[in-house]
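The values are calculated or read from the model by the stated rules, or taken from the named source; none is laboratory data. Everything numeric in this text was worked out from a predicted model, so none of it was measured. In this analysis, Cβ positions are derived from the backbone assuming ideal geometry, glycine residues included, and neighbour counts consider all displayed protein chains.
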Amino acid sequence: MPFAVIDFETTGLVPERTDRVVEIGVALTDDCGRIEHEWTTLVNPHRDIGATHVHGIQACDVVDAPDFAAISDYLLEMLTGRVVVAHNASFDMRFLHWELQRAQYVIPERPAALCTRKWGGRMTGAAKLAHCCEALGISLINAHSAIGDAHATAELLPHLLAFHGSSPEWRSDLDRSATFGWPAARRDAPQPVVAHRGQSSADPYSWLRSVLGAAWVPATPEDEASYMVVLDSALLDREISRSEGKQLLASAEAAGLSRGTVARLHQDYLRAVAKEALADGVVTDEERSELNAVAAALGFGPPYVDEALAWAAAEAPETIEEATAFTLRPGDRIVFSGEMNRGRDEWVSTICAAGLASGGISKSTRLLVAADPDSQSGKAAKARQYGIPVVSEAAFEKMLATYRAAS
């Protein structure tokens, strides 16, 4: 019987609580363990991404990724009729069991899989995938990527077949996996749209091209103002995350902004920031750096910064509303989400000592500080729904320093 080697990258270790799958890798082999096909995708977990320092996945990578339910039928078709294999099978099968249950499949038992950690350990004396591969001369490329680990596990399989093939216990494990009753796919399962690592960082201006490439009807001044509110919130930390880009695209579409209108509003915003920087007649290095960051986020090059400063220096007519810098105020509610450099308790103590407050997300929340501004957590989703800015920990540290200096 052919094999399906599977590996998951996850947000954590406990699917029975709130941890989710963030990446799937599958290597399909023939009866002898020769790889015939490989497939992988990132998965949107609809929560914080977890240990990026382990799996290397960032929140922006999964913003446009399918959720598990969207790929589940296709995955089940790949697994059905094959012996499922995983390194540390109990871990991966726990996650698969819970994800299929969340996707509303009836699957009473945890799936059965052949565990290469168990059998590799008996063959080489090593349990970790990297150690098994090293002992058998197998290249482990892109460790802790789902497809990298699945590929290496598939390369390990022929060695285990040759070494353990006559063992009754091995045959029992094979048979248990081969006869597991997978739930049927609920519909025909064409290959789903997938997302891969690095796609978001490779194209940070996809949202901008989408906005500028649209051909909506001309907007009213009120529509333009609503877009500028969203833009100002997105640029609070002088960066536009992938999630914020999607919000801007939705706002431009809802407001009916034309390509020319959006370009003008972006230039107006940059000019307003330049005017604010020149308010005291001097542009510091920090202010210049901030202007460059705003320009870069909007897809403008350095000449646009020079033009904005020249416009501000010439005291151009008041054709746009002057930008008001975001500042924290005593009593502002600040909410934290995700695993940051400083612990959440430490952050709450720090801001409370400074006269700020914390708690849950509500319409009165002033700011959400997230480990990653593209966080897919419930807090981040509610913050975006309420129009609450989402900023990084580093950006908040600067805001807090400014607030303390002014206190």
Next on the checklist: Going residue by residue through region 365-381, is there one that turns out to be of a type in the set (Gly, Ala, Ser), free of Cβ contacts under 8 Å to residues at least 40 places away in the same chain and in a loop (DSSP other than H, G, I, E, B)?
Outcome noted: no
Next on the checklist: If I go through region 115-154 residue by residue, how many of them are of a type in the set (Gly, Ala, Ser) and either closer than 24 Å to Met1 by Cβ or not assigned by TED's automatic domain parsing to the domain that holds Val43 (or both)?
Outcome noted: 6
Item to check | Check on Ser337, outside the structural domain of Leu265 (by TED's automatic domain parsing), farther than 29 Å from Val282 by Cβ, buried (at least 16 other Cβ atoms within 10 Å of the Cβ) and not aliphatic (A, V, I, L, M) | outcome: yes
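Quick grid of which residues meet (1) assigned by TED's automatic domain parsing to the domain that holds Ala130; (2) polar (S, T, N, Q); (3) at pLDDT 95 or above:
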position	(1), (2), (3)
Ile35	yes, no, yes
Glu38	yes, no, yes
Val43	yes, no, yes
Cys60	yes, no, no
Arg82	yes, no, yes
Arg94	yes, no, yes
Gln101	yes, yes, yes
Ala113	yes, no, yes
Checklist entry - Taking region 378-407, which residues are of a type in the set (D, E, K, R) and within 15 Å of Arg47 (Cβ to Cβ)? => result Lys379, Lys382, Arg384
Checklist entry - Can you tell me which residues in region 2-45 are part of a strand (DSSP E or B), of a type in the set (D, E, K, R) and surrounded by 19 or more Cβ atoms within 10 Å (Cβ to Cβ)? => result Asp7, Glu9, Glu23
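With region 82-146 as the region, which helices (runs of 4 or more DSSP H) entirely inside it contain at least 2 residues that are among the aliphatic types (A, V, I, L, M)?
Because the criterion is at least 2 residues that are among the aliphatic types (A, V, I, L, M), the helices (runs of 4 or more DSSP H) in region 82-146 that meet it are 89-102, 129-136.
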Checklist entry - What pairs come up if the first residue lies in region 160-189 and is surrounded by 15 or more Cβ atoms within 10 Å (Cβ to Cβ) and at pLDDT below 95, the second is of a type in the set (Asp, Glu) and not in a loop (DSSP other than H, G, I, E, B), and their beta carbons are under 6 Å apart, counting only those six or more places apart or on different chains? => result Ala185/Asp73; Ala185/Glu77; Ala189/Asp73; Ala189/Glu77
Item to check | Criterion: of a type in the set (A, V, I, L, M, F, W, C) and buried (at least 20 other Cβ atoms within 10 Å of the Cβ) - qualifying residue of Ala103, Ala70, Ala113, Ala51 | outcome: Ala113
Next on the checklist: Out of everything in region 131-153 that is among the aliphatic types (A, V, I, L, M) and farther than 10 Å from His87 by Cβ, what residue ends up being surrounded by the most Cβ atoms within 10 Å (Cβ to Cβ)?
Outcome noted: Ala146
Checklist outcome for this item: Checked region 355-383 for anything exposed (fewer than 15 other Cβ atoms within 10 Å of the Cβ), over 19 Å from the mean Cα position of the chain (by Cα) and of a type outside the set (Lys, Arg); matches are Gly355, Gly359, Gly360, Ser362, Ser364
Checklist entry - If you go through region 194-215 one residue at a time, do you hit one that is surrounded by 15 or more Cβ atoms within 10 Å (Cβ to Cβ), modelled with pLDDT of 85 or more and polar (S, T, N, Q)? => result no
Checklist entry - If you check every pair at least six apart or on different chains, which have Cβ atoms under 6 Å apart with a residue in region 54-74 that is farther than 13 Å from Ser377 by Cα first and a residue that is surrounded by 19 or more Cβ atoms within 10 Å (Cβ to Cβ) and hydroxyl-bearing (Ser, Thr, Tyr) second? => result Asp61/Ser200
Checklist outcome for this item: Per the list (1) over 21 Å from Asp173 (Cβ atoms); (2) crowded, with 18+ Cβ neighbours inside 10 Å; (3) touching a Pro at 6+ places or on another chain (Cβ under 7 Å), residue check on Leu96 breaks on (1)
